[in-house]
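To start, the structure itself, in structure tokens.
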Amino acid sequence: MLDGFGDMLSHTGIIQFEFGINSLVLARRPLRDFWCRLEGLGFRIGKLMPRCIDFAPYRPRYEARWANIVAVRNAPTLHGPATG
């Protein structure tokens with residue numbers, strides 16, 4: 001996924017994607033690869049929850065769980081309860 005974006009990642013402010021064990025097996029790329037690449041480009045990465053984005057540090061246990069992942073460039077105020 002990230003390789004296909006090429007230079008567009010430097011012009012993107014938010015990315016959402018799903019990741020789970022099937023993604024790991026089919027793509028042969030662990031979530032850690034995505035996490036490190038996006039952090040290196042200035043994104044904060046978190047798990048999309050019902051009312052917030054959980055911006056927590058990467059943990060190996062994330063590899064085995066299905067999740068909607070959100071990457072937001074330089075947006076420290078986009079965490080906590082959703083409004084509206």
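The values are calculated or read from the model by the stated rules, or taken from the named source; none is laboratory data. In this text, all values refer to a predicted model and were calculated from it rather than measured experimentally.
Annotations
Per-residue answers, yes or no, for (1) among the small types (Gly, Ala, Ser); (2) in a loop (DSSP other than H, G, I, E, B); (3) modelled with pLDDT of 80 or more:
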| site | (1), (2), (3) |
| --- | --- |
| Gly6 | yes, no, no |
| Leu24 | no, no, no |
| Arg32 | no, no, yes |
| Val70 | no, no, yes |
| Leu78 | no, yes, no |
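- Filter result (at pLDDT 85 or above and part of a loop (DSSP other than H, G, I, E, B)) within the range 50-64: Pro50, Arg51, Cys52, Phe55, Ala56, Pro57, Tyr58
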